[in-house]
Amino acid sequence: MQWPYLFLAQTRMKGRGVFSSREIPAETVIEVAPVIVMKEADRAFLDKTLLHDYIFEWGDSKNQCAMALGYVPMYNHSYRSNCEYFMDFAGESIMVKTVRIVEAGEELTINYNGDWDDDKQVWFENK
C-alpha cells in the first residue's frame, strides 16, 4: 500500500528521495511495503555490496536482513525525520507513517537509527 501523492525526485545533496505532492496529517500511514527476508549468510555477502546501504537488519536477533520493496529504500535519513518506520517480522513488511504534518512538496525522511529522533551517528557520515 502506497499513496498516489508520493513520488520520487532528485534532492540537492542526497540523490533521489521521496516527496509528497500534498499536505499529509501527522500519524498518517503512508506506506506498507513487503520485504524480502534473507539469511545471515546472505547478509554477509550483501554487506560487501552497495545494497548494504539499503537493507534492514531483520528478526528479533537481527541476524538476518531484509530488502524492502516499494519506496522504503528511497527514504533519505534525517536525525529529525518527519516519518518513522515499523518492522513487522511476522508479516514480513515495513510500515512508514508521519510523525508530524508534512507540507506539500516536502521530502519525507526516516531516521536510519530506527527512532525518528535518535541522534546516534549513522554509518555513512564522517565524524
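The values are calculated or read from the model by the stated rules, or taken from the named source; none is laboratory data. Everything quoted here is computed from the prediction, not taken from an experiment. Don't worry about glycine lacking a Cβ; one is built from the backbone with ideal geometry, like all the others, and counts go over all protein chains shown.
This table checks each residue for (1) of a type outside the set (G, A, S); (2) more than 16 Å from V32 (Cα to Cα).
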position: L51; (1), (2): yes, yes
position: A68; (1), (2): no, no
position: Y79; (1), (2): yes, yes
position: D88; (1), (2): yes, no
position: I94; (1), (2): yes, no
position: E106; (1), (2): yes, yes
position: N111; (1), (2): yes, yes
position: D119; (1), (2): yes, yes
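Please indicate, with yes or no, whether at least one residue in segment 111-126 is more than 9 Å from the chain's Cα centre (by Cα), surrounded by 16 or more Cβ atoms within 10 Å (Cβ to Cβ) and either basic (K, R) or at pLDDT 90 or above (or both). So far as segment 111-126 goes, no, none of its residues is more than 9 Å from the chain's Cα centre (by Cα), surrounded by 16 or more Cβ atoms within 10 Å (Cβ to Cβ) and either basic (K, R) or at pLDDT 90 or above (or both). Does L46 count as surrounded by 15 or more Cβ atoms within 10 Å (Cβ to Cβ) and either without any contact (Cβ under 8 Å) to a residue 24 or more places away in the chain or among the acidic types (D, E) (or both)? When the stated conditions are applied, L46 passes them.
Taking strands (runs of 3 or more DSSP E) as the structural unit, those lying wholly within segment 13-62 and holding at least 1 residues that are within 28 Å of V102 (Cβ to Cβ), of a type in the set (G, A, S) and touching a helix residue (DSSP H, G or I) at 6+ places or on another chain (Cβ under 6 Å) correspond to 29-38. Residues in segment 1-19 that are buried (at least 17 other Cβ atoms within 10 Å of the Cβ) and out of contact with any Gly (no Cβ under 7 Å at 6 or more places or on another chain): how many? The qualifying residues number 3. Test L8 against the criterion of being over 19 Å from R100 (Cβ atoms) and assigned to a strand (DSSP E or B), and give yes or no. The answer is yes for L8.
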